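Each remark here refers to the structure printed beneath this line.
The values are calculated or read from the model by the stated rules, or taken from the named source; none is laboratory data. These figures come from a predicted structure and were not determined experimentally. Cβ sites come from the backbone with ideal geometry, for glycine too, and all protein chains shown count toward neighbours.
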There are 2 protein chains.
Amino acid sequence: MAKKKNEEFVTHIASRAEDFPQWYTDVILKTDMIDYSVVKGCMVIKPYGYRVWELIQSEMDARFKATGHENAYFPLFIPESLLKKEAEHVEGFAPEVAWVTHGGDEELSERLCVRPTSETIICSMYSKWIQSYRDLPVLINQWANVVRWEKSTRPFLRTSEFLWQEGHTAHATSEEAREETERMLEVYREFAYNVLAIPVIVGQKSDKEKFAGAVATYTMEAMMQDGKALQMGTSHYLGDHFAKAYDIQYLSREGKLEPCFTTSWGTSTRMIGGVIMVHGDDRGLILPPKIAPIQAIIIPIAQHKPGVIEKADELFASLKAAGLRVRVDDSDQSAGWKFNQYEMKGVPVRIEIGPKDIENNQVVLVRRDTHEKLVVSMDGLDVTIRTLLDDIHSSMLNKALSYREENTLDAHDFDALQEGVKHGFVRAMWCGERECEDAIKTKSGATTRCMPFDAEPISNVCVHCGKPAKKLTYFAKAY
Amino acid sequence: MAKKKNEEFVTHIASRAEDFPQWYTDVILKTDMIDYSVVKGCMVIKPYGYRVWELIQSEMDARFKATGHENAYFPLFIPESLLKKEAEHVEGFAPEVAWVTHGGDEELSERLCVRPTSETIICSMYSKWIQSYRDLPVLINQWANVVRWEKSTRPFLRTSEFLWQEGHTAHATSEEAREETERMLEVYREFAYNVLAIPVIVGQKSDKEKFAGAVATYTMEAMMQDGKALQMGTSHYLGDHFAKAYDIQYLSREGKLEPCFTTSWGTSTRMIGGVIMVHGDDRGLILPPKIAPIQAIIIPIAQHKPGVIEKADELFASLKAAGLRVRVDDSDQSAGWKFNQYEMKGVPVRIEIGPKDIENNQVVLVRRDTHEKLVVSMDGLDVTIRTLLDDIHSSMLNKALSYREENTLDAHDFDALQEGVKHGFVRAMWCGERECEDAIKTKSGATTRCMPFDAEPISNVCVHCGKPAKKLTYFAKAY
């Protein structure tokens, strides 16, 4: 009977092989991560999804503070005239901003845009706060909502409003600003590996793909299970572009007025979409243990038998006290239903405890990622589970890494590139010209994802035009 | 010389007695809590102010989770038609909402308001999520920014955008919803006492002062040092008003379709303004230890002498490891300058350590609240400081309580009320009529703040009109 229920249950989710986009939508809706709202393009992040975001925030915020950053909060609204001061920036963002024109019944004398990103408003404050070299560096991060009016939307990946963090720093020299840009990219990369279990590729964006107003944009890119790339976070070196546009100057030790050099870097709820598409399977979510709202679910077996629920509750209390995120489900659903439910929700470890287990002072652990069953002693169970969670994290990371490697191809001619981007990443040489980049996109549907640092060239000519090429570039279709 | 510097320093802050509003502005600007922005009515919360908010959030969030609530996130925008469904609600909020009319270059088919509060958008989702009694209760909180277009603004107290939390719950019965409303009011009260060291008064709002669309609004009110009241948080019992307007129904155990009963409750960055105005003195901020970004500041004395900075750093490391929020200031400013700086910033404890102290294995502790000096052993310093911080909290709470009591008057006639509200709170009997409430406000400038639960009547006639009166009411001028 449990078998039948199981089958019934999983038929609600499309299989990844058949229809990956539908699988994604099924998973996020059925696991109560999000819901659509009456507001076009805006999603509701439900408690289960929001808890994942809280855990991401907590891990990231600790890293930002450890690298000397403080949080602050800047206004949601940006006057039109302020947005327009940096020419490239406004050109990049103006088509997708929401405009506030009225406050109550009154028409505003100047339109306000709802921030699509906060360089402009933050730079206007830095201009006031920074006077002397003593005021530098300024290292601030903001956790906030931003709005970018999107024609087509997909929960977590592309929505008109989303939640993110945006770091904004100002420095005395371009070297320091470049170091900061690279430091935060490394914070992101380490976070992706060690928290999300996602083996991202890092590198520099092409001029076409870089942030509007940046000198250089660095990115981390991940491969989803459909072979497409997802940009998971970016770190921008802004040079003195914004400092000049917004008049951020400082008096140097030598008494000279100098422009500052600024950076910005951001990651968003989009990362949750990445986690789902990198790790999930046909049964639903598989959450990395460090961001799983429930790390272990205790399911009493034959719970009507005397002592079972009591023992389950006792285990719950001791594991919770040990700092694990644990729940017990003693509802009147069948054990089979519960197995499916928590598998779908991506809970890393299931703990089964029944009369026989109690008799033998043991529990059965079932890993979500491999479905492996382990019979272990109740003694020291918290340590056993912690070790298991670490192992699950490593396995998930390694599996994703193998998948990426298996689906990454070195292309020496354009046919190979076109074929390769159908199911994964392609590494190829590129001349660096915009025309060539556009043509590659038109013909193959793939964009330049990044140019990794210090990568060995695999030839000396462009994969498309045959002109001299110096930079190895990752190409992929992208979200 | 230290004396002179000291004097120089504090002259920058207006005295409370002379000009309380100016003192407030001086304190928040000079301590780097906030700054004004180019956007009218919107403030920037600087790192020092934002850290206070983070500590408030952390304390509150733990309380919400302990009472069974989960966090979620709903859209920033609310379509005009949705806002309008609850008649009283829209009447209350429409005059102060910001309207988005354009996305990029396109005019929207329907205006969107920037949320002034989220009952409407959340209720529209609850209508979808709640089908059966099994789905109840729904206990959700949201941390978010909200916008209320204000004509006149004052940082933290009244700004066009502010940060807050809003709880929204749905229940099967009115009893349960009323219990929830009271439970969260009690969470707020306990938080105010035990975290902010603010002895709030709790009670019910008059019909005039209640939330637009509520059946009953409960509030916590605090007395500022100028005798005015600040509403610090509210909890609303919404009855089935919103459930009916937004169609939130459930199928009962008996198979009958029933409306839900809902609540909402909120507190905001406004509380920080309250903390400043309850506890501060003419030297600046006095922060309650539980929300102080720096709980203890270590200041090396004669720091050029060998071993002083090393010992200060050693103390810093050990106190930090013990979980205290501690800093050491070994900058080249004078000790006197540093004393003033951290007094102004409201740091609860100063730790002075110089050559003589090191010789005697001691440090000098100076309390921010009483300026009391204590010479204590370096051994077990973390425990000594923790105990001291607890004591500072209690002292601050008691001082504020005494102040409130000294400035609260029982009025038996209207002259006494008018006189009393010039410098504090007045307790008086009120008939409960709106006309009388309006007349009292016009004549005295005071509003009804709240009707405390179970308060003993002090007479049986209204202090203003002389008609029968049953409810003891607090009157005060208010922010």
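If only one of A:Tyr474, A:Tyr403 is under 30 Å from A:Arg325 (Cα atoms) and not in a loop (DSSP other than H, G, I, E, B), which one is it? Walk me through how you get there before you give the answer.
Values: A:Tyr474 fails: under 30 Å from A:Arg325 (Cα atoms).
Answer to the selection: A:Tyr403.
Name, by its number, the condition in (1) under 19 Å from the mean Cα position of the chain (by Cα); (2) assigned to a strand (DSSP E or B); (3) of a type outside the set (Ser, Thr, Tyr) that does not hold for A:Asp61.
(2)
Would you be able to say whether some residue in region A:105-125 is surrounded by fewer than 22 Cβ atoms within 10 Å (Cβ to Cβ), among the basic types (Lys, Arg) and either in a helix (DSSP H, G or I) or in contact (Cβ under 8 Å) with a residue 60 or more places away in the chain (or both)?
No, region A:105-125 contains no residue that is surrounded by fewer than 22 Cβ atoms within 10 Å (Cβ to Cβ), among the basic types (Lys, Arg) and either in a helix (DSSP H, G or I) or in contact (Cβ under 8 Å) with a residue 60 or more places away in the chain (or both).
Rundown of residues vs (1) closer than 24 Å to A:Val114 by Cα; (2) touching a residue at least 60 places away in the same chain (Cβ under 8 Å); (3) buried (at least 16 other Cβ atoms within 10 Å of the Cβ), yes/no style:
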| site | (1), (2), (3) |
| --- | --- |
| B:Ala94 | yes, no, yes |
| B:Ala98 | yes, yes, yes |
| B:Gly103 | yes, no, yes |
| B:Leu136 | no, yes, yes |
| B:Leu139 | no, yes, yes |
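So is A:Thr159 buried (at least 23 other Cβ atoms within 10 Å of the Cβ), among the hydroxyl-bearing types (Ser, Thr, Tyr) and out of contact with any helix residue (DSSP H, G or I) (no Cβ under 7 Å at 6 or more places or on another chain) or not? Walk me through how you get there before you give the answer.
Details: buried (at least 23 other Cβ atoms within 10 Å of the Cβ): yes; among the hydroxyl-bearing types (Ser, Thr, Tyr): yes; out of contact with any helix residue (DSSP H, G or I) (no Cβ under 7 Å at 6 or more places or on another chain): yes.
Judged against the criteria, A:Thr159 is a match.
Condition test on A:Asp35, is it surrounded by fewer than 23 Cβ atoms within 10 Å (Cβ to Cβ), more than 7 Å from chain B (Cβ to nearest Cβ) and more than 30 Å from A:Ala214 (Cα to Cα)? Steps first, answer last, please.
On the way: surrounded by fewer than 23 Cβ atoms within 10 Å (Cβ to Cβ): yes; more than 7 Å from chain B (Cβ to nearest Cβ): no; more than 30 Å from A:Ala214 (Cα to Cα): yes.
Against the criterion (surrounded by fewer than 23 Cβ atoms within 10 Å (Cβ to Cβ), more than 7 Å from chain B (Cβ to nearest Cβ) and more than 30 Å from A:Ala214 (Cα to Cα)), A:Asp35 does not qualify.
In this structure, does B:Pro75 turn out to be in contact (Cβ under 8 Å) with a residue 12 or more places away in the chain and either out of contact with any His (no Cβ under 6 Å at 6 or more places or on another chain) or outside the structural domain of B:Ser264 (by TED's automatic domain parsing) (or both)? I'd like the intermediate steps shown before the answer.
Working: in contact (Cβ under 8 Å) with a residue 12 or more places away in the chain: yes; either out of contact with any His (no Cβ under 6 Å at 6 or more places or on another chain) or outside the structural domain of B:Ser264 (by TED's automatic domain parsing) (or both): yes.
Against the criterion (in contact (Cβ under 8 Å) with a residue 12 or more places away in the chain and either out of contact with any His (no Cβ under 6 Å at 6 or more places or on another chain) or outside the structural domain of B:Ser264 (by TED's automatic domain parsing) (or both)), B:Pro75 qualifies.
Just give me the residues in region B:23-71 being of a type in the set (Ser, Thr, Tyr) and in contact with an Asp or Glu (Cβ under 6 Å, 6 or more places away or on another chain), in sequence order. Before you say what the answer is, go through the steps one by one.
Step one: filter region B:23-71 for residues of a type in the set (Ser, Thr, Tyr), giving B:24-25, B:31, B:36-37, B:48, B:50, B:58, B:67.
B:Tyr48, the sole residue that qualifies.
If you scan region A:42-99, which residues turn out to be more than 10 Å from chain B (Cβ to nearest Cβ), more than 19 Å from A:Glu180 (Cβ to Cβ) and aliphatic (A, V, I, L, M)?
Within region A:42-99, A:Val52, A:Leu55, A:Ile56, A:Leu83, A:Ala87, A:Val90 meet the criteria.
List the number of the failed condition for B:Ile440; all other conditions in (1) surrounded by fewer than 17 Cβ atoms within 10 Å (Cβ to Cβ); (2) touching a Leu at 6+ places or on another chain (Cβ under 8 Å) hold.
Here B:Ile440 clears every test but (1).
Does A:Ala98 satisfy being over 17 Å from A:Phe261 (Cα atoms) and modelled with pLDDT under 95?
On the way: over 17 Å from A:Phe261 (Cα atoms): yes; modelled with pLDDT under 95: no.
So A:Ala98 fails the test.
Working carefully through the options B:Gly92, B:Gly49, B:Gly68, find the one that is at pLDDT 95 or above, part of a helix (DSSP H, G or I) and not charged (D, E, K, R).
Working: B:Gly92 fails: at pLDDT 95 or above; B:Gly68 fails: part of a helix (DSSP H, G or I).
Testing whether each residue is at pLDDT 95 or above, part of a helix (DSSP H, G or I) and not charged (D, E, K, R) leaves just B:Gly49.
Quick check on my filter: what residues within region B:296-348 are touching a helix residue (DSSP H, G or I) at 6+ places or on another chain (Cβ under 8 Å) and among the acidic types (Asp, Glu)?
Listed by number, the residues that qualify are B:Asp329, B:Asp330.
Do we have any residue at all in region B:134-155 that's in contact with a Pro (Cβ under 8 Å, 6 or more places away or on another chain), part of a helix (DSSP H, G or I) and more than 9 Å from chain A (Cβ to nearest Cβ)?
Looking through region B:134-155, none of the residues is in contact with a Pro (Cβ under 8 Å, 6 or more places away or on another chain), part of a helix (DSSP H, G or I) and more than 9 Å from chain A (Cβ to nearest Cβ).
Given the criterion in the same structural domain as A:Leu196 (by TED's automatic domain parsing) and part of a loop (DSSP other than H, G, I, E, B), identify the matching residue among A:Glu254, A:Glu258. Outline the logic, then answer.
Values: A:Glu258 fails: part of a loop (DSSP other than H, G, I, E, B).
From the options A:Glu254, A:Glu258, the qualifying one is A:Glu254.
Which one is farthest from A:Glu182 (Cα to Cα), of the residues in region A:424-455 that are of a type in the set (Asp, Glu) and more than 28 Å from the chain's Cα centre (by Cα)?
Initially, region A:424-455 is screened for residues of a type in the set (Asp, Glu), giving A:433, A:435, A:437-438, A:454.
Imposing the further condition that a residue be more than 28 Å from the chain's Cα centre (by Cα) reduces the set to A:433, A:435.
Numbers: A:Glu433: 25, A:Glu435: 28 Å.
The selected residue is A:Glu435.
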